[in-house]
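Enquirer: Structure below; questions to follow.
The values are calculated or read from the model by the stated rules, or taken from the named source; none is laboratory data. What you see is a predicted model, and the numbers here were worked out from it, not measured in a lab. Here the Cβ positions follow ideal geometry from the backbone for every residue, glycine too, while neighbour counts run over all protein chains shown. Side chains included, ligands, DNA and RNA excluded: accessible areas come from the protein's heavy atoms. Shrake-Rupley method; radii C 1.70, N 1.55, O 1.52, S 1.80 Å.
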Amino acid sequence: MSETTTTPDTVRVPAPAAIEAPADRTRRLRVGSLMLVFALIGLLLAIFTNGGKATFQLVSGDLQNNLFGVPAQATALILGILGVIAAGAYVLRRVPQSYSGYLATLLGICFIGSFLCWAAAGKTFPLANQFQGTLNFATPLILGALAGVLCERAGVINIAIEGQFLVGAFTAAVVSSTTGSSAAALIAAALTGVLMAALLAVFSIKYLVNQVVLGVVLVVFASGITGYLFDQFLQEDAANMNTPDVLSAVKIPLLGDIPFFGPILFNQTILVYLTYIAVAVVTFVLFETRWGLRVRSVGEHPKAADTVGIRVKRVRYSAVLWAGVLAGLGGAFFTVGYAGSFSKDMTAGNGFIALAALIMGRWNPIGAMVAALFFGFATQLQSQLQIIQTPIPGELLLMAPYLATIIAVAGLVGRVRAPKADGEPYVTE
Amino acid sequence: MARMHLELSGLTKSFGSLVANDHIDLVIEPGQIHCLLGENGAGKSTLMNMLYGLLQPDAGEILIDGEKVAIHSPSDAIAQGIGMVHQHFMLVPVFTVAENIMLGREYTRAVGVLDRKKADALVTELSERYGFEVDPEALVEDIPVGVQQRVEIIKALANNARVLILDEPTAVLTPAEIDELIAVMRQLKENGTSIVFITHKLKEVKAIADTITVIRRGKVVGSAEPSATEEELAELMVGRAVDLVVDKDPATPGDTVLRVEGLTVIDERGFTAVDGVDLEVRAGEILAVAGVQGNGQTELAEALLGLTPIAAGRISLDGNDLTGRTTRDRLDAGIGYIPEDRAHDGFVGSFSVAENLVLDMARRAPFGKGLSLRTDEIEKNAQERVEEFDIRTQSTDLAVSSLSGGNQQKVVLARELSRPLKLLVASQPTRGVDVGSIEFLHTRMVKERDNGTAVLIVSTELDEIAALADRVAVMYRGKVVGVVPADTPRDELGLMMAGASKSEAEVVATENPTTLGTI
């Protein structure tokens, strides 16, 4: 080897800031104009805000104390202008590409803020209820999205989360009603989640069935079987079969005493605490352990994993089955965590929303959690607004988070990159 | 390190009716560099995949130090001390170097938590021992191909490989990098590691082999000494005398046909793929674009055809501006295109030979009529092309995917040449093609040049460039570092492919000749 041979470097250099790829430009203009539309709506709302003070209630149920009032129009205007600045900065490329996500977040917060000022002007908005409800709606979404993260990181698309929710919800209700044990109910729900996962795993990993079709079929199957059993047994004998104990809230000492957020976050049921733990555990396991490294390797480049002696299919089975535990628990929340009884198709598409959270969270557990909280927030906001009565129909509002998902998936927050081998069965000769 | 005596005896593997390996016997002596020489599709990779446990032999056995061993999976192979660097690297692009190296044999602390420090230390230690400069924490997708290959080698060494299989390792390297690889191989050999080196490049074989085994159509057809001439090796590999030099008269260039000015392409990751390239190709000449894979040549060719949007620059053909025109407009203007990945972009595999031959002309007379196709005309055309281009197929109704690589490429070339062309753009026209077809394709492209067509060839193979080019444009990191005459010495081209200017390359090449350059 001679001293002077240069090592060639075929790494490409980032394009200079002056030149923008045509694809990037199109994306910026497209996304940017959408952001501008939102910003202008926010500003418009501010202009039409009247009624003096917007009051926010900080402790649920307490209508006398702990109120927080702001001048509605002034606040809405400030937020509206901030939003326009954020959207404008994105469109005009005034900040580096990597910060565009923050701009979108800022715009989102401004938009929600001016919206709330508009809606609550002259009225009292129950802010504590809003956050409490957010967590209620978000908990199953988080668990479902985490299940999706585990599956898809291993290369198996899981459309069947909705089905896993349904059987989990059903089983938890029945087991809690018949045994009276909440622990048994949760364990049983997790196990039926695993059973559904096993169906998904066997057909997708072993028999190479198209995973999207398979997932949809499993959802239909879950809906059918829980509906049948509901008609046959639960309705016949509702008193004994469909009266589960709803989990009771357990206050965590100290943390639960934090003003405002304490009661919301730390006076919750065991299932909500399990969800917090699940986010941390899935994140840690996926990125810091041997099993996690192997899961990600079979989802990205299964052949490379195979050539270093990793049993690709076995790793995929384990990821899909563990994900079943999470999805089953997520299902249990619908009955024993919240509603207190099972009804037909009660999960109402939440499994698919969990899937959207997973994509919006870019296959990352924390990201998926944030997305799920966002969806939960919007859902709760819609029901709150019906209570305090605003001119906008709640159903229209309910579309907003999904619109946001489409924008996000279309590439607002940088390019979305799924695991490379997601949905591809691994076949050896 | 313990040495290994490896013997393959009567290994046989068939895929359907195709016998990929037919009773292959092979002995790898300890501490030797053993070259497996053969054309694409001769069965070299199949053989090595059986040795590495990725395929199971139908018959035959593998003996290590005289004892029969069963290798059912790559982990068995690794446990036996067999390591393999695959032609397409087996690295997870989004993992760091250290993660890739420990994958499958992870260092862990309690309860399976990864010990990244230990993995980093191992990478650092191994790369220092072999003089590699590898950052354990770099993401694999961010490092150059040459360094990725070193990561693959470190991966095998970390598993204490006593036999290292290198499958076509030089395809992605510059001549200087090949030189460094050869040095590494010699160092490994001195430490007692045996190396199986799979290639179809004769120069490399002569430069490094201790023993040469030649495989043709799934059978061992002989062995040779490294002192054998290239012609002798080629004859053994192909089975008949091969003319390694294309007959071609000096070019008689006419007017400028293609003019490219300031062409810039930004790839989908936001990186500059083609960086302000100016080029001219004249009627009746072949301009070859040389460079290591990934330096923007692919994007350049695609931009010429309008398959990739361009960020800046102008493209004109015979003085007519084509910038911003659709691909169909450009084809109609007289550009023919042989894409780099023929199976992906060159034809529709499940369509018949006849259909593929009119893929771009089916909408026009005489092949299309109103909404219907004139099958008789299509068939007639197919018969003529098959004859003219010596396409070896049992029938023109056969799916193109069932043909050999060489014949597939002939179908693509035949189709492109059946329109009147002003410019032919050929990207890697002979990749994965047998020597017989290479001769044919080369001759045919030279003939097209002699008919007055401007020809632009993108190739990473210096042999191909030497055989075809009238002028050579060398690309490095998206820029053309120089346009030089075809007879520029190999070493100079190699240095330019690493970014040196023409004048620098001249000086360095004389002072430091490389191993391959001096053969």
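Enquirer: With just the Cα atoms of the range A:235-281, tell me how far they stretch along each of the three principal axes, in Å, largest first.
Expert: 46, 25, 14
Enquirer: Please grab the % of Cα pairs in the range B:411-519 that end up more than 24 Å from each other.
Expert: On the way: 1841 of 5886 pairs.
In whole percent, the long-distance tail amounts to 31.
Enquirer: Here's a follow-up. What base-10 log of the normalised intensity I(q)/I(0) is obtained for the range B:348-418 from the Debye formula, alpha carbons as equal point scatterers, at q = 0.19, 0.21, 0.27 Å⁻¹?
Expert: Per q value, in the given order, log10 I(q)/I(0) is -0.66, -0.80, -1.27.
Enquirer: Work from the charge dipole of the protein assembly as shown (Cβ charges, +1 for Lys and Arg, -1 for Asp and Glu, about the Cα centre) and give the residue of A:Leu150, B:Ile266, A:Trp291 farthest towards its positive end.
Expert: It is A:Leu150, whose Cα lies furthest towards the positive end.
Enquirer: For the range A:17-136, what is the Kirkwood hydrodynamic radius in Å, using each pair of distinct C-alpha atoms?
Expert: 15.6
Enquirer: Quick check: the distance between the Cα centres of the range A:317-396 and the range B:157-199, to the nearest angstrom?
Expert: Here the two parts' Cα centres lie 54 Å apart.
Enquirer: With Kirkwood's inverse mean 1/r over C-alpha pairs for Rh, give me the Rg to Rh ratio of chain B, two decimals please. Present the calculation step by step, with values, prior to reporting the outcome.
Expert: On the way: Rg = 24.3 Å, Rh = 24.8 Å.
With Rg and the Kirkwood Rh in hand, the quotient comes to 0.98.
Enquirer: Partner chain Cβ atoms within 10 Å, averaged over the residues of B:54-63 - can you pull that number for me? Don't skip to the end; give the middle numbers.
Expert: On the way: counts 5, 2, 2, 0, 0, 0, 0, 0, 0, 0.
Counting Cβ atoms of other protein chains within 10 Å of each residue's Cβ and averaging gives 1.
Enquirer: Sort the following peptides by mean Cβ neighbour count (other Cβ atoms within 10 Å, averaged over residues), highest first: A:387-398, A:30-41, B:34-45, B:429-440. Please list the in-between numbers first.
Expert: Details: A:387-398: 12.2, A:30-41: 17.9, B:34-45: 24.3, B:429-440: 21.5.
So the order, starting with the most tightly packed, is B:34-45, B:429-440, A:30-41, A:387-398.
Enquirer: If you don't mind, another one. In percent, how large is the relative contact order of chain B, given Cα pairs closer than 8 Å and 6 or more residues apart? Don't skip to the end; give the middle numbers.
Expert: Values: 1038 pairs, mean separation 76.9, N = 519.
Dividing the mean separation by the residue count of chain B yields 15 percent.
Enquirer: May I ask you to list the chymotrypsin sites (Phe, Trp or Tyr not before Pro) in the range B:334-427 that are in a DSSP loop and have at most 16 other Cβ atoms within 10 Å of their Cβ?
Expert: Working: sites: B:Tyr337, B:Phe347, B:Phe351, B:Phe367, B:Phe389; in loops: B:Phe347, B:Phe351, B:Phe367, B:Phe389.
Listed in order of number, the matching sites are B:Phe351.
Enquirer: Next up: Can you tell me the relative contact order of chain A? Whole percent, Cα pairs under 8 Å, sequence separation 6 or more. Before the final figure, lay out each step's value.
Expert: Numbers: 753 pairs, mean separation 102.4, N = 429.
Reported as a whole number, the value is 24 percent.
Enquirer: OK, next. Given charges of +1 on the Cβ of Lys and Arg and -1 on the Cβ of Asp and Glu, with all other atoms neutral, how large is the dipole of the protein assembly as shown about its Cα centre, in debye to the nearest 20? Mind showing how you got there, number by number?
Expert: Details: 76 positive and 100 negative charges, 690 e Å.
Magnitude of the dipole: close to 3320 debye.
Enquirer: Run lengths n ≥ 4 of DSSP H only: what is the helix-derived mean residue ellipticity at 222 nm for the protein assembly as shown, with -39500 (n - 2.57) per run over all residues, to the nearest 500? Could you put the intermediate results ahead of the total?
Expert: Numbers: 33 runs with 437 residues, N = 948.
Taking each H run of at least 4 residues, the total per residue is -14500 deg cm²/dmol.
Enquirer: Full extension from A:Asn267 to A:Thr178: what is 0.36 nm times the residue separation minus their Cα-Cα distance, to one decimal in nm?
Expert: Answer, rounded to one decimal: 29.3 nm.
Enquirer: On to the next question. Using the Cα centre of the range B:177-305 as the reference point, and only Cβ charges (+1 on K/R, -1 on D/E), how large is the resulting charge dipole? Debye, rounded to the nearest 20.
Expert: Working: 13 positive and 24 negative charges, 147 e Å.
In total the dipole reaches around 700 debye.
Enquirer: What are the principal axis extents of the Cα atoms in the range B:296-435, in Å, biggest first?
Expert: Extents along the principal axes, in whole Å: 47, 40, 23.
Enquirer: Mind checking which of A:Gly224, A:Gly148, A:Gly324 has the largest fluctuation in a GNM of chain A, springs on alpha carbons under 10 Å?
Expert: A:Gly224
Enquirer: In the Gaussian network model of chain A, springs joining C-alpha atoms below 10 Å, which of A:Ala189, A:Ala197, A:Ala104 carries the largest mean-square fluctuation?
Expert: Among A:Ala189, A:Ala197, A:Ala104, the largest mean-square fluctuation in the Gaussian network model of chain A belongs to A:Ala104.
Enquirer: Which value, in square angstrom to the nearest 100, describes the accessible area buried between chains B and A on both sides, using a 1.4 angstrom probe?
Expert: Details: alone 22760 and 21240 Å², together 39620 Å².
Protein heavy atoms only, the B-A interface buries about 4400 Å².
Enquirer: Per the 1.4 Å probe, what fraction of the accessible area of chain B, in percent, lies on carbon and sulfur atoms? Spell out each step's value before the answer.
Expert: Values: 9990 of 20620 Å².
Answer for chain B: carbon and sulfur cover 48 percent of the accessible area.
Enquirer: Now, a different point. Computed over the Cα atoms of the range B:6-238, what is the ratio Rg over Rh, Rh following Kirkwood? Provide the component values of the computation, followed by the final result.
Expert: Numbers: Rg = 17.9 Å, Rh = 18.3 Å.
A ratio of 0.98.
Enquirer: In the range B:6-238, if the dipole is taken from +1 on Lys/Arg beta carbons and -1 on Asp/Glu beta carbons about the Cα centre, which of B:Met102, B:Val92, B:Val113 is farthest to the positive end?
Expert: Projecting each Cα onto the dipole axis, the largest value belongs to B:Val113.
Enquirer: Oh, and also: If the protein assembly as shown were replaced by its equivalent ellipsoid, with semi-axes equal to the square roots of 5 times the Cα gyration tensor eigenvalues, what would those be, largest first, whole Å?
Expert: Details: eigenvalues 668, 255, 154 Å².
Largest first, the protein assembly as shown gives 58, 36, 28 Å.
Enquirer: Ok, one more. Translational diffusion coefficient, Stokes-Einstein: compute it for chain A using the Kirkwood radius over C-alpha pairs as Rh, at 10 °C and 1.306 mPa s, and state it as an integer in µm² s⁻¹. Working shown, then result.
Expert: Working: Rh = 23.5 Å.
Result for D is 67 µm²/s.
Enquirer: I'd like to compare B:393-403, B:90-100: which one has the highest average count of other Cβ atoms within 10 Å, and what's the full order after that? Please list the in-between numbers first.
Expert: Values: B:393-403: 15.9, B:90-100: 23.1.
Averaged packing, sorted descending, gives the order B:90-100, B:393-403.
Enquirer: Across peptide B:475-488, what mean number of C-beta atoms from other chains lies inside 10 Å of a residue's C-beta? All intermediate terms of the calculation are to be shown ahead of the outcome.
Expert: Working: counts 0, 3, 6, 3, 0, 0, 0, 0, 0, 0, 0, 0, 0, 0.
Mean shielding count: 1.
Enquirer: Just to confirm my numbers, what's the Cα centroid distance between the range A:155-216 and the range A:291-314 in Å?
Expert: 24
Enquirer: Taking chain A as a Gaussian network, where each spring joins two C-alpha atoms under 10 Å apart, which residue of A:Gly163, A:Gly349, A:Gly193 fluctuates the most?
Expert: Looking only at A:Gly163, A:Gly349, A:Gly193, the biggest GNM fluctuation is shown by A:Gly349.
Enquirer: Ok, one more. Return one number: the angle in degrees, 0 to 90 and rounded to the nearest 10, between the long axis of the Cα atoms of helix B:145-158 and the longest principal axis of the Cα atoms of chain B.
Expert: Approximately 20 degrees, to the nearest ten.
Enquirer: Please compute the average number of Cβ atoms from other chains found within 10 Å of each residue's Cβ in peptide A:287-298.
Expert: On the way: counts 1, 4, 7, 12, 5, 3, 11, 4, 0, 5, 8, 1.
For this peptide, the per-residue mean of nearby foreign Cβ atoms is 5.
Enquirer: Hey, can you grab everything whose amide H is under 5 Å from the amide H of B:Thr514? Only 5+ residues off in sequence or another chain; H modelled, so Pro and N-termini drop out.
Expert: none
Enquirer: Carbon and sulfur together cover what percent of the accessible area of chain A at a 1.4 Å probe radius? Mind showing how you got there, number by number?
Expert: Numbers: 12910 of 19000 Å².
Carbon-and-sulfur percentage of accessible area, whole number: 68.
Enquirer: Using a 1.4 angstrom probe, figure out how much accessible area the protein assembly as shown has per residue, in square angstrom, rounded to the nearest whole.
Expert: Numbers: 39620 Å² over 948 residues.
That works out to 42 Å² per residue.
Enquirer: Here is a follow-up. Only sites in a loop by DSSP and with at most 12 other Cβ atoms within 10 Å count here; which trypsin sites (Lys or Arg not before Pro) in the range B:223-268 make the cut?
Expert: Numbers: sites: B:Arg240, B:Lys248, B:Arg259; in loops: B:Arg240, B:Lys248.
Answer in residue order: B:Arg240.
Enquirer: Around B:Ala20, which amide H atoms from residues at least 5 apart in sequence, or from another chain, sit under 5 Å from its own amide H, with H modelled in the peptide plane?
Expert: Those qualifying (amide H under 5 Å, at least 5 residues apart or on another chain) are B:Lys13, B:Ser14, B:Phe15.
Enquirer: Mind scanning A:Lys303/B:Lys155; B:Lys13/B:Lys155; B:Lys44/B:Lys206; B:Lys189/B:Lys502; B:Lys201/B:Lys410 and naming the pairs with a C-alpha gap bigger than 24 Å?
Expert: Working: A:Lys303/B:Lys155 15 Å; B:Lys13/B:Lys155 28 Å; B:Lys44/B:Lys206 18 Å; B:Lys189/B:Lys502 36 Å; B:Lys201/B:Lys410 22 Å.
Among A:Lys303/B:Lys155; B:Lys13/B:Lys155; B:Lys44/B:Lys206; B:Lys189/B:Lys502; B:Lys201/B:Lys410, the Cα-Cα distance tops 24 Å for B:Lys13/B:Lys155; B:Lys189/B:Lys502.
Enquirer: Now a separate question. Let's see if you can work this out: charge +1 on each Lys and Arg Cβ, -1 on each Asp and Glu Cβ, no other charges. What is the dipole magnitude of the range A:22-122 about its Cα centre, in debye to the nearest 20?
Expert: Working: 7 positive and 2 negative charges, 105 e Å.
Computed charge dipole of the range A:22-122: roughly 500 debye.
Enquirer: Still on this model: Could you tell me the distance between the Cα centroids of the range B:12-55 and the range B:106-126, to the nearest Å?
Expert: 35
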